[in-house]
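Participant: Quick one: structure below, then a few questions.
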Amino acid sequence: MKITADTNILVRAAVQDDPLQAMQAMQLLEGAQLVAIPLPVMCELVWVLARGYKKSASEIHAALLHLFNAHNVAMNRSAVEAGLVLLAAGGDFADGVIAHTGEELGAEEFVSFDQKAVALMQARGKAARLVGEPARAAPLMVQQERAPYKVNRVARAKRP
């Protein structure tokens with residue numbers, strides 16, 4: 001059988017936090033002739049392991065290498081390698097994947113509001129540019145209830 005693995009299958013196999021689902025996931029992954037892992041699944045897997053399970057970059061790196069070296073796994077290996085390089089340098093896996101995929105699509109420069117991502121790209125010899133601060137939401141004008149003829153107060157939208 002040839003399958004595309006959803007992120008939750010890979011998480012169960014990597015984390016082993018639910019014994020029944022972990023066993024099912026492992027049997028499925030090991031028994032498949034081909035396991036296709038799309039890039040969004042790889043990015044989501046890294047995010048879930050880091051944020052949800054508090055795994056370190058080295059633990060995540062090891063889990064991804066295990067998948068990378070599996071005989072039956074198909075993935076965009078060059079993009080995953082780029083993500084692993086950035087992850088190992090202290091950056092976000094997804095930023096490495098995004099920059100690499102952009103290059104494959106013909107882009108000449110990675111642009112971002114993320115200062116760390118840009119610095120790591122530049123340190124790797126990649127064309128990358130920091131775009132100023134993110135645009136802030138326009139201030140909302142809130143008029144005072146008692147005296148609508150007086151100066152309006154400005155309420156700023158909070159950034160997430």
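Participant: Tell me the residue from 7, 101 that is in contact with an Asp or Glu (Cβ under 6 Å, 6 or more places away or on another chain) and not acidic (Asp, Glu), please. Can you show your working first?
Facilitator: Working: 101 fails: in contact with an Asp or Glu (Cβ under 6 Å, 6 or more places away or on another chain).
The conditions single out 7.
Participant: What do you reckon, is residue 108 at pLDDT 95 or above, assigned to a helix (DSSP H, G or I), among the charged types (D, E, K, R) and open to solvent by 60 Å² or more (accessible area, probe 1.4 Å)? Write out each step before concluding.
Facilitator: Details: at pLDDT 95 or above: yes; assigned to a helix (DSSP H, G or I): no; among the charged types (D, E, K, R): yes; open to solvent by 60 Å² or more (accessible area, probe 1.4 Å): yes.
So residue 108 fails the test.
Participant: Checking residue 74 against (1) open to solvent by less than 50 Å² (accessible area, probe 1.4 Å); (2) out of contact with any strand residue (DSSP E or B) (no Cβ under 6 Å at 6 or more places or on another chain); (3) within 15 Å of residue 40 (Cα to Cα), only one condition comes out false. Which one?
Facilitator: So residue 74 meets the others, but not (2).
Participant: Please pick out the residue among 112, 58 that is among the hydroxyl-bearing types (Ser, Thr, Tyr), without any contact (Cβ under 8 Å) to a residue 24 or more places away in the chain and more than 24 Å from residue 35 (Cα to Cα).
Facilitator: 112
Participant: If a residue must be more than 16 Å from residue 77 (Cβ to Cβ) and either open to solvent by 30 Å² or more (accessible area, probe 1.4 Å) or in contact (Cβ under 8 Å) with a residue 40 or more places away in the chain (or both), how many such residues does region 41-53 contain?
Facilitator: 7
Participant: Would you call residue 73 over 30 Å from residue 129 (Cα atoms) and in contact (Cβ under 8 Å) with a residue 12 or more places away in the chain?
Facilitator: Answer is yes for this residue.
Participant: Something else now. Pairs, please: C-beta under 6 Å, at least 6 apart or cross-chain, first residue farther than 24 Å from residue 89 by Cα and in region 120-145, second hydrophobic (A, V, I, L, M, F, W, C) and modelled with pLDDT of 50 or more?
Facilitator: Pairs that qualify, where the first residue is farther than 24 Å from residue 89 by Cα and the partner is hydrophobic (A, V, I, L, M, F, W, C) and modelled with pLDDT of 50 or more, are 134/113.
Participant: A further question follows. Pairs please, first residue from region 5-29 and surrounded by fewer than 16 Cβ atoms within 10 Å (Cβ to Cβ), second anywhere and assigned to a helix (DSSP H, G or I) and aliphatic (A, V, I, L, M), Cβ atoms under 7 Å, 6+ apart in sequence or on different chains.
Facilitator: If the second residue must be assigned to a helix (DSSP H, G or I) and aliphatic (A, V, I, L, M), the pairs left are 6/41; 16/22; 26/13.
The values are calculated or read from the model by the stated rules, or taken from the named source; none is laboratory data. Please read all numbers here as calculations on a predicted model, not as lab measurements. Cβ: placed from backbone, ideal geometry, glycine included. Neighbour counts: every protein chain shown. Ligands, DNA and RNA are excluded from the accessible area calculation, which covers all protein heavy atoms including side chains. Shrake-Rupley method; radii C 1.70, N 1.55, O 1.52, S 1.80 Å.
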